[in-house]
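Visitor: Pasting a structure here, questions to come.
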Amino acid sequence: MRRVPKRPSSALAERWTTVDGVDVFYRESPGPVGPAGPVGQAGPPGSPEPATRTMMHLHGFGLSGRYLLPTAELLRDEFHTLVPDLPGFGRSGRPAEPLDVPELAHAAARFLDDRGVESATLVGNSMGCPVICEFAYHHPERIERAVLVSPAGGIYNQPLRRAIRQLARDGSREPASMMRVAAPDYLRFGVPSTLRLFRALTRYPSLDRLLALRIPTLVVLGSRDPLMPGPARIREVARQSENHVLVVVIDGAAHAINFSNPGELANVIRQFMADKPIVDDPDAPGTARAYEIHRGSLHPPAVP
């Protein structure tokens, strides 16, 4: 049943739409926005609002978009921000058959169709990153940039028992408030759906799709993330492609960086979108520190 809570959980507007016959719950920047285009650039003649680039945030395995909100809310005034619960997840309805990674990517594209968005920058966490890579593979003209935060689903997370151990270790490294957000989502998603989707992720060519990206791509890793290999392996992978990839580490962060370190992550995303050097955010003091470990030769050069 479609319900918007009496007390919204977000500074974003909470809305419903229908995609392929499935009710989809999403959050969106409140107020009017201009058509898609560079930030600050004037819209078409007669347009009352400046044009704003669209940024869609895609959640991870078994979760809803709710845990992405701390970062998405910090960027809502700079980008036309969308945070959907993909079909089968969170408060959205369940399709007749569960969706695998390619089908989730197509559902994300059709959600943008529904919202009248031609192209967007996609920001994903964990499983959301393979969904973005698949979106870029099938819809390259519709993705401006990719932000892959703690990308998961590759061989490093196999078999299932290894992934479960990694998730258990990560749980002890996340803020306690993350479990209050995640637990209802996991319970709603259910064990059968978890097993089915994990099998789909093990068959997904994550590395091939990542290396096939031909757009500016930001990869953000947490130094305390047990689901990710170390920086040396990440550099090795990044160097295998004609490189459009910028790799950044946030020291002290675990897997759910969008939730636990929103200030640092939003700062890194802003710098990436403006082609600025990645420097730590002086307005987000604490144990976390952001720094580059790889800037590909084909990545847009940093503008001082």
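Visitor: If you go through the range 200-242 one residue at a time, how many are over 19 Å from residue 146 (Cβ atoms), surrounded by 15 or more Cβ atoms within 10 Å (Cβ to Cβ) and free of Cβ contacts under 8 Å to residues at least 40 places away in the same chain?
Guide: Final tally of qualifying residues: 1.
Visitor: Output the residues belonging to the range 256-303 that are within 15 Å of the chain's Cα centre (by Cα), among the aliphatic types (A, V, I, L, M) and more than 18 Å from residue 55 (Cβ to Cβ).
Guide: Matches in the range 256-303: 256 only.
Visitor: Which condition number does residue 167 fail, the rest of (1) within 18 Å of residue 293 (Cβ to Cβ); (2) of a type outside the set (S, T, N, Q); (3) modelled with pLDDT under 90 being met?
Guide: (1)
Visitor: Quick one: which residue in 120, 96 is hydrophobic (A, V, I, L, M, F, W, C) and free of Cβ contacts under 8 Å to residues at least 12 places away in the same chain?
Guide: Unique residue meeting the criteria: 96.
The values are calculated or read from the model by the stated rules, or taken from the named source; none is laboratory data. Note that the structure is a prediction, hence the values are computed from the model and not measured. As a convention, Cβ positions derive from the backbone with ideal geometry for all residues, glycine included, and neighbour counts pool all protein chains shown.
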